[in-house]
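Here the structure comes first, spelled out in structure tokens, and everything after it is commentary.
The values are calculated or read from the model by the stated rules, or taken from the named source; none is laboratory data. This is a predicted model, so every value here is computed, not measured. FYI the Cβ positions are ideal-geometry reconstructions off the backbone, even for glycines, and counts take in every protein chain you see. Only protein heavy atoms, including side chains, enter the accessible area calculation; ligands, DNA and RNA are left aside. Shrake-Rupley method; radii C 1.70, N 1.55, O 1.52, S 1.80 Å.
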Amino acid sequence: MRANRSLVDPKAEQPGPLSEPLPGEIFFSKLTKVTREKLARINVHCAWDLALHLPLRYDDETRCFAIREAPQGEEVVVEAVVLSCEIQYRPRRQLVCQVQDESGVMSCRFFNFYPSQLKVWATGARIRLFGEVRSVYAGLEMLHPRYKVVTPEATLPTSLTPVYPTTAGLGQQSLRQLIVRAMAALDRDDSVPETIRAQYRLPEFCKALDFLHNPPAHASRDALQERTHPAWCRMKFDELLAQQLSMRTHQLRRLAVKAPALMPGQSIKAAFLKALPFRLTTAQQKVVAQIQKDLSQPYPMQRLLQGDVGSGKTVVAVLAALQCVENGFQVALMAPTEILAEQHYRKLEAWLKPLAIGVAWISGSTKKKDKQQALEGIANGQIMLVVGTHALFEQAVVFQQLGLAIIDEQHRFGVRQRLALRLKGTESLQRAEGQSLQPHQLMMSATPIPRTLAMSFYADLDVSVIDEIPPGRTPVSTKLVTDQRRDQVIDLVRQACAQGRQVYWVCPLVEELEGAGHDEGDVSTPLAPIASVRQKTQVGRKGPDMSALQAALDTHEKLSQVLPGCCVGLAHGRLKSEEKSAVMKAFLAGEVQLLVATTVIEVGVDVPNASLMVIENAERMGLSQLHQLRGRVGRGAAKSACILLYHTPLSIMARERLKIIFENSDGFEIARHDLRLRGPGELLGARQSGVPMLRFADLTLDVEWLERARDSAQTLLAQYPMAAVKHRQRWLAGRGEFLKV
Ligand code: ADP
Ligand code: MG
């Protein structure tokens, strides 16, 4: 029983205050403060961290080479007798020593040295040197070798020499000794049961660890350095297993939380689907079924709905909302920009009004009177569906009983913002139902997270994928054009407008945000505290975004001049809400043909008649941002194009990004490239947040191990709960949990 409880009770996993400290803890606590501070700098906070501080590479000091036979380009051991040693002053101050072995003579040079070194390098002394023998004009030499005075009978080490990542003031030798002592103090039991080890042919944990810290002379240095050796595989597997266990445990904790069970009714859903001008794709039906099942459970759904730009996530969200409303609970739909929130509101109102469902919207700039009215409706339950920006979790908003929170473009919100909305729901349910209930949560994202990443960092979420684009779309053709050919591009815009089509012209960002994708209107910073988000918005009003705005204003003016027959609109984050809303409405209605905009239109905007998009300074934008922007066209039947204007010279990274976006149209493929170029930390915005990332496993290479770890985590939790606890403690002690949403 106790073992089971420990899966859901965080306290049960920590050794209580009365339990004896383990030998590893005692060892670590006895280190001096100075040493512990140095270790903290290399992210080592306990004995297990020391044991898991693994070498970057290995030196081979097990063999001795004759000077003349030493291989080029490799560091080797040479033993020789000192012939002479002197300080030279030209071309600069240096210590130059001549040494000799049976094969020949070589010089050793040091630019930094102590006077005492002259004594060590006394003529006739026998010295063991480690370094690269290079052939130079004057003969053979070694620069700054490591050295040690030896007797002729002194033996060579029998294992490869590990080289660890370290910090100033903590030498390799001392670090090595600390690791040896830590290893001796730690318990050597294997936390992975024999059956799982046998299944994947994994070596025993402590043997693998010993091996990596102290590999025998015959071990393959290539397999060690490339981390393909079975001992390394064991580390990767264990690390991924710890991560999976941590995620699974959170998932299990979620099952212990209650939520209102929202049973699917058929009537409203059928009426809604009947009125819809299209049929759901198979992919949409599949995810709708998954969500429907989740909502009917008495614990909170926590689902991430991924689907490429334009795959039709909104309808899926509405169907989830209807199921909730049918059960008498409210729904909140949160979007990152005002433009998007309003667009959702208009769409939903049109769809739901005929079904007699009250819809309202709230944004930071909703007029006081309208807002008051909406707030009242939300509090008394007349309004069942509320759409809004992050204004939704403002204090004044009080739900009667919120059953479902939907977060659109979830990657644009921080963890705290999503939690704030959930908390609102929990409070309302406590009031209405008199018990502790959590609302269900549906998160939607068009920035696909590659499967490996989702599996490892979002393992406590269930993921649904819409892997199909509705029929009747034509693929967007992408063109790369230097900005010297701007006039030709303007001609294309003129032609498109003359044919009754519509065009977006996106103006440059000023800062290199690399896909961070903020827009100046409704700033949301992933993982930033809510208060600082507010402040940022304030600062932003006069801040660097002003020049982005200026660029948009200038472009708007110029394009209006050169395209006299075309109605040119302007959208940016500094417009008042009514102005923004008016220009978007006019664009949707086709009254505005050319819309000059900043990246406020990056996410969500849906105007099917728009078939041409021009993006200026595309070289500065991140991959996901370009993909999102391009997704604004190609939504109707007309042939669509996206022109990426770039400014030369291009950096290597910029060239690579443009090539990827030119060659790929599948958002998942683009995200995989993004992962390769930027790494998981940047992609998830986690690097700055101090969340521990994987140290040994590489999510682009070790997919197979990730899958094995996921399966094993389930086995461990179900059959070996104590081993699971031990494993997590080993790997996560002192490091906190892995990233979770
Ligand atoms: P996204 O997944 O990017 O949020 P939207 O929900 O905005 O996509 O949908 C894009 C467009 O596709 C909308 O105009 C929507 O009405 C339309 N749409 C959604 N599902 C279908 C479908 N099954 N068949 C045809 N059009 C659809
Ligand atoms: Mg959308």
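Distance in nm between label sites at Ala256 and Glu656, each 7 Å beyond Cα in the beta-carbon direction?
Once both label points are built, they end up 4.4 nm from each other.
I want to check the label-to-label distance for Asp711 and Gln382. Put each point 7 Å from Cα in the C-beta direction and report it in nm to one decimal.
Spacing of the two 7 Å Cα→Cβ label points: 5.8 nm.
Could you size up the charge dipole of the chain around its Cα centre, putting +1 on the beta carbon of Lys and Arg and -1 on that of Asp and Glu, and report it in debye to the nearest 20?
Numbers: 91 positive and 77 negative charges, 225 e Å.
That gives a dipole near 1080 debye.
Can you tell me the length gained on complete extension of the stretch Gln172 to Arg126, counting 0.36 nm per residue apart and subtracting the Cα distance?
Working: separation 46, 0.36 × 46 = 16.56 nm, distance 2.36 nm.
Residue separation times 0.36 nm, minus the Cα-Cα distance, leaves 14.2 nm.
With r defined as the distance between the Cβ atoms of Tyr137 and Met722 and R0 fixed at 60 Å, what FRET efficiency is calculated, to the nearest 0.05? Intermediate values should be presented prior to the final figure.
Details: r = 66 Å, r/R0 = 1.11.
Rounded to the nearest 0.05, the efficiency is 0.35.
With just the Cα atoms defining each centre, how far is segment 652-673 from segment 73-101? Give it in Å.
51 Å
Between Leu419 and Phe113, how many nm apart are label points set 7 Å from Cα along the C-beta direction?
Label-label distance for Leu419 and Phe113, simple model: 5.9 nm.
Express the accessible area of the chain per residue in Å², computed with a 1.4 Å probe while the remaining protein chains stay in the model. Display every interim value, and only then the final one.
On the way: 33410 Å² over 741 residues.
Result: 45 Å² per residue.
Once the piece of chain linking His144 and Val81 is laid out straight, how much longer is it, given 0.36 nm per residue of separation minus the C-alpha distance between them?
Working: separation 63, 0.36 × 63 = 22.68 nm, distance 1.67 nm.
Once the chain is fully extended between His144 and Val81, it gains 21.0 nm.
Between Glu69 and Gln266, what is the FRET efficiency for a Förster distance of 60 Å, r being their Cβ-Cβ separation, to the nearest 0.05?
Numbers: r = 84 Å, r/R0 = 1.40.
Step by step, r from the Cβ atoms, then E = 0.10.
If you keep only loop residues by DSSP, which chymotrypsin sites (Phe, Trp or Tyr not before Pro) in segment 259-357 have at most 13 other Cβ atoms within 10 Å of their Cβ?
Working: sites: Phe272, Phe278, Phe329, Tyr345, Trp351; in loops: Phe278, Phe329.
Within segment 259-357, the qualifying chymotrypsin sites (Phe, Trp or Tyr not before Pro) (loop, at most 13 other Cβ atoms within 10 Å) are Phe278.
Run through segment 358-428 and list the trypsin sites (Lys or Arg not before Pro) located in a DSSP loop whose Cβ has at most 16 other Cβ atoms within 10 Å.
Working: sites: Lys367, Lys368, Lys369, Lys371, Arg412, Arg416, Arg418, Arg422, Lys424; in loops: Lys367.
Sparse-neighbourhood loop trypsin sites (Lys or Arg not before Pro): Lys367.
Considering the options Gln441, Gln417, Gly358, tell which one lies farthest towards the positive end of the dipole of the chain, charges being +1 on Lys and Arg and -1 on Asp and Glu at the Cβ, about the Cα centre.
Going by the charge dipole, the pick is Gly358.
For a quick check: with amide H placed at 1.01 Å from N, whose amide H comes under 5 Å from Trp505's, ignoring anything fewer than 5 positions away on the same chain?
Under 5 Å from the amide H of Trp505: Leu595, Val596, Ala597, Val614.
Please list, by residue number, every one of the GluC sites (Glu not before Pro) in segment 107-190 that is coil in DSSP and has at most 10 other beta-carbon atoms within 10 Å.
Numbers: sites: Glu132, Glu141, Glu153; in loops: Glu153.
Taking segment 107-190 and a limit of 10 other Cβ atoms within 10 Å, the loop GluC sites (Glu not before Pro) found are Glu153.
On a 0 to 90° scale, report how tilted helix 230-255 is relative to the longest principal axis of the chain, with both axes built from alpha carbons and the result rounded to the nearest 10.
30 degrees
Along the charge dipole of the chain, Cβ charges K/R +1 and D/E -1, which of Cys206, Val463, Met613 sits furthest on the positive end?
Val463
Using just the helices of the chain, give the 222 nm mean residue ellipticity in deg cm²/dmol: DSSP H runs with n ≥ 4 each add -39,500 (n - 2.57), and the total is spread over all residues, rounded to 500. Show your work: numbers first, answer last.
Values: 27 runs with 310 residues, N = 741.
Value at 222 nm, helices only, nearest 500: -13000 deg cm²/dmol.
Express the carbon and sulfur contribution to the solvent-accessible surface of the chain as a percent, rounded to the nearest whole number, probe 1.4 angstrom.
Details: 17930 of 33410 Å².
For the chain, the apolar C and S fraction of the accessible surface comes to 54 percent.
Given the Cα-Cα distance of Arg485 and Gln372 and 0.36 nm per residue of separation, how much length would full extension add, in nm? All intermediate terms of the calculation are to be shown ahead of the outcome.
On the way: separation 113, 0.36 × 113 = 40.68 nm, distance 5.16 nm.
Extra length from Arg485 to Gln372 when fully extended: 35.5 nm.
Can you tell which of Gln400, Cys567, His45 lies farthest toward the positive end of the dipole of the chain, using +1 and -1 charges on the Cβ of basic and acidic side chains (Lys, Arg; Asp, Glu)?
Of the listed residues, the answer is Gln400.
Could you tell me the calculated FRET efficiency between Lys558 and Arg676, based on Cβ-Cβ distance and R0 = 30 angstrom, to the nearest 0.05? Provide the component values of the computation, followed by the final result.
Values: r = 38 Å, r/R0 = 1.27.
FRET efficiency, Lys558 to Arg676: 0.20.
Per-residue HN-Hα couplings for segment 490-506, Karplus 6.51 cos²θ - 1.76 cosθ + 1.60 at θ = phi - 60°, whole Hz, x for Gly and Pro?
4, 4, 4, 5, 4, 4, 4, 4, 4, 8, x, 9, 10, 9, 9, 10, 9
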